[in-house]
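Peer 1: Sharing a structure with you now.
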Amino acid sequence: MGEPQQVSALPPPPMQYIKEYTDENIRKGLAPKPPPPIRDSYMMFGNQFQCDDLIIRPLEGQGIERLHPMQFDHKRELKKLNMSILVNFLDLLDILIKSPGSIKREEKLEDLKLLFVHMHHLINEYRPHQARETLRVMMEVQKRQRLDTAERFHKHLERVVEMIQGCLASLPDDLPQAEGPDAGAGSVSAASSSSGPALVRLKTEPMDIEEAGASCMADSTHQDKSGSASKRDTIWDKDAAMCSIIDEIA
């Protein structure tokens, strides 16, 4: 046997109306506009309603006799209505047993109908309160979700900051310099390859003032040309070391 087809409780949408809302028509402004709001009256389920009617119409406005006073306790009145419905139902059963064709049967049915209408009306008066409570609960849920999301974001942010700080702390102070095309870089690389201890001695021991002045005068033009390239190479070396450390951590 084939699987039963699921039938929607709603009627199918009007396809001739949906086809007008294409992306091209919406982009060009050719899609039909929504219907204007109703201003006077409208028909729904065979009944006519006014736009300025209250959400919950009073019983007098519906032509129904009021059984409870204007100021009352909803909980108490609902209990009284429930008890009255039970008593009238028992009376109806007694009438059906003794004289089913009696006119009292119709009267008792009308009484039961009126009691059910009143109970339904009192329950409907709780609808605005129910709507407010539903909105309050929804807003509390959304607030809790946003707070949880913000808390998780702060935790991830703290982890990222700690990881970056750890990576920066693990970087060596003296990174190896990349060999450049200029003479200065070539001389440094040659010196490091031929006499490593001499390079360390040159780094650690201070130079005399005269030697430093002479070297500065001799290398001033060379430093202007190779300064930017050396700085760029240093930055690239630090980036490469940082990437390698992050790869090892991951």
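Peer 1: Confirm whether ILE103 is closer than 17 Å to HIS121 by Cβ and open to solvent by 100 Å² or more (accessible area, probe 1.4 Å). It would help to see each step written out before you state the result.
Peer 2: On the way: closer than 17 Å to HIS121 by Cβ: no; open to solvent by 100 Å² or more (accessible area, probe 1.4 Å): yes.
Criteria not met by ILE103.
Peer 1: Follow-up. What's the total number of residues in segment 128-177 that are over 30 Å from ARG57 (Cα atoms), of a type in the set (D, E, K, R) and open to solvent by 100 Å² or more (accessible area, probe 1.4 Å)? Full working, then the answer.
Peer 2: The first filter runs over segment 128-177 and keeps only residues over 30 Å from ARG57 (Cα atoms), leaving 140-177.
From what is left, the residues that are of a type in the set (D, E, K, R) are 140, 143-144, 146, 148, 151-152, 155, 158-159, 162, 173-174.
Those still in the list that are open to solvent by 100 Å² or more (accessible area, probe 1.4 Å) too: 143-144, 146, 152, 155, 158-159, 162, 173-174.
Number of matching residues: 10.
Peer 1: Now a separate question. Looking at (1) open to solvent by 90 Å² or more (accessible area, probe 1.4 Å); (2) touching a Leu at 6+ places or on another chain (Cβ under 8 Å); (3) of a type in the set (A, V, I, L, M), find the lone condition where MET15 falls short.
Peer 2: (2)
Peer 1: Grab the helices (runs of 4 or more DSSP H) fully contained in segment 1-109, keeping just those with 3 or more residues being over 38 Å from the mean Cα position of the chain (by Cα) and not basic (Lys, Arg).
Peer 2: Values: elements: 15-18, 23-28, 74-98.
Fully inside segment 1-109 and qualifying: 74-98.
Peer 1: Same structure again: Restricting the search to segment 106-116, which residues are more than 16 Å from ARG76 (Cα to Cα) and either among the small types (Gly, Ala, Ser) or open to solvent by less than 50 Å² (accessible area, probe 1.4 Å) (or both)? Before the answer, list the steps.
Peer 2: Pass one, segment 106-116, residues more than 16 Å from ARG76 (Cα to Cα): 106-114.
LYS108, LEU112, LEU114 - these are the residues of segment 106-116 that are more than 16 Å from ARG76 (Cα to Cα) and either among the small types (Gly, Ala, Ser) or open to solvent by less than 50 Å² (accessible area, probe 1.4 Å) (or both).
The values are calculated or read from the model by the stated rules, or taken from the named source; none is laboratory data. Because the structure is a prediction, the values reported are computed rather than measured. All Cβ positions, glycine included, derive from the backbone under ideal geometry; neighbour counts span all protein chains shown. Heads up: the accessible areas ignore ligands, DNA and RNA and are worked out on the full protein's heavy atoms, side chains in. Shrake-Rupley method; radii C 1.70, N 1.55, O 1.52, S 1.80 Å.
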